[in-house]
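A quick write-up on the structure given underneath.
Read the figures in this text as sums done on the coordinates, not as results from a lab. What you see is a predicted model; the values in this text were computed from it and never measured. Positions of Cβ are generated from backbone atoms using ideal geometry, with glycine treated the same way; all protein chains shown enter the neighbour counts.
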Amino acid sequence: MTMEAPLAIPAPFDEERRLATLQAHALLDSEPEAEFDALVSLAADMLGCPVAALTLADRDRFWVKAAVGPLPRQMPREIAFCDHTIQSSDVMVVPDLSSDPRFAVNPFVMSDPGTRFYAGMPIRVPDLNGAPQAIGSLCVMDASPRSLSPAGEQTLRHLARLAEALIAARAIAKRATTMAELSERQAADLRAKDRTVRQVERLAMIGSWRITLADGQPMWSEGVYRIHELPAGRKFTIDQGLSYYPPDAREVLRKTMAQTIRTGDPFDIELDFITALGRKRRVRVMGEREMLDGEPHGLVGMFQDVTERHALETQLRRNADTDALTLLSNRAAFDRTLEAAIAESAANGTPLALVLIDLDGFKLINDTLGHPAGDEVLRIVGQRLRSDLLNDSFVARLGGDEFGVIVRDEALLTDTEALRVRIENLLTISITIDTITMSCAGTVCVTLRPEDCHTIRDFMHHADSRLYSAKRSRVGERRRGDRRRPG
């Protein structure tokens, strides 16, 4: 055996690490590959041997990856010449196997014709730590004893290095293929998830948005474009995006986003909105701050069309606050509105009046003509009290034939007597059922809020007292009028 200085210092022989490195390259029991077949054929030709092979050392066997000449596909390690090669540091040459005690009784040597000459070079590849591990060998064999010149040994080294390069290239290609397959799977997963997100956005009328603070460039998902009724991908600025909100809503959103950038507090608000096609909608805008290197970097959030839900909630609230017969507000809504009006009037010193109305003659109509006639009278009262003459005053049915009006309009309150007369004139109502005609009117009392009145209870008590006095006076006037009529 002739030895030369190794090109690489092998790691201490570690069988488990060597086997792990071999398994990682997935060469065992693999399909034939032209590159390795060509390399083995080149070794046989250049070294003038009828047999050449690239072998791989498994735990209990040597498996032949490529070969020229009559060789079995695999053999037990204990009879493989290459088992000695992988434990050497350089080319191992045995001129006559029959005269070497290690191989003299080897079945391959004793067969007819037997193998007499062997030369092999370990194939080493790096493990995960970069240490070279001998996973197999490149070898040549002959049936006659012979020697191998220094040039021949160098050729065997070069060819072994070429085998290592092929294995490394194969590993790189395999990793590249694996990465490509993984990338394709991930891309397919992303495409599937993107389709799912798009479907969810369409079903929920929702989308996502993002604004980078450095350039102020907004980015919308397909769902946001859909809600805006704009073609997907259209470029726009923040101001252009805000232009789809009415002025008041636009200012609210602008201030809300600025506060989130400043404080980091997320937001969740609902605003009126007008699409690119001019449709009025209601949208929910949610957002939170993104940080980068400890500094505000952007805003990210969700955008949802809640028009139908908002309309339903509004209708439910309206139904809860509305008297079904007159379509005026009910007592609960009246109390809330009056409480807020009293607080505002007390805080700002603005005038506030409470108008209480009691229908005169309603009970007689109800008793004489029946409840349907009474209901019709109440409907007429509701219709008339919704008149523009009251300048958007808050009108409610308090119960039975009692009504209330909250008046904050200063123009109306400059002459409360004129206001009282105007309302009384609205409430002069006649109704005919089966040729019977009956009339009713309303006792109206306008009460300005006293400065020391700060609660609903006090204000209503004050107004009720004045209404009671007004009804007594009205009844007295009717009785005096009856006495003046000729008998």
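Tabulated values for the structure
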read-out: Charge dipole (debye, nearest 20) of region 231-283; +1 at Cβ of Lys and Arg, -1 at Cβ of Asp and Glu; value: 280
read-out: Prolate/oblate/rounded label for region 300-370 (Cα gyration tensor, a/c 1.5); value: oblate
read-out: Cα gyration tensor shape for region 205-311, rounded if a/c is under 1.5, else prolate or oblate; value: prolate
read-out: Check: the chain dipole with +1 on Lys, Arg Cβ and -1 on Asp, Glu Cβ, in debye; value: 2100
read-out: Positive-pole candidate from S88, L28, M110, dipole of the chain, charges at beta carbon; value: L28
read-out: Cross-link reach list, lysines versus K471, counting only Cα pairs under 28 Å and skipping chain neighbours closer than eight places; value: K363
read-out: Ellipticity estimate at 222 nm from DSSP helix runs (n ≥ 4, -39,500 (n - 2.57)) divided over the chain, nearest 500; value: -14500 deg cm²/dmol
read-out: Extension gain (nm, one decimal) between D60 and A346, 0.36 nm per residue minus Cα-Cα; value: 93.1 nm
read-out: Selection from Q217, P246, A258 lying farthest towards where the dipole of region 205-311 points positive, charges on Cβ; value: P246
read-out: Potential lengthening between D272 and T414 on full extension [0.36 nm per residue; Cα-Cα distance subtracted]; value: 47.5 nm
read-out: The chain - percent relative contact order, Cα under 8 Å, separation 6 or more; value: 9
read-out: Net dipole in debye of region 322-484 [+1 Lys, Arg Cβ; -1 Asp, Glu Cβ; about Cα centre; nearest 20]; value: 580
read-out: Highest average packing first - 278-286, 39-47, 355-363, Cβ atoms within 10 Å; value: 355-363, 39-47, 278-286
read-out: Furthest towards positive pole of dipole, T237, I227, V300, structure part region 205-311, Cβ charges; value: I227
read-out: Shape category assigned to the chain from the gyration tensor of Cα positions, a/c cut at 1.5; value: prolate
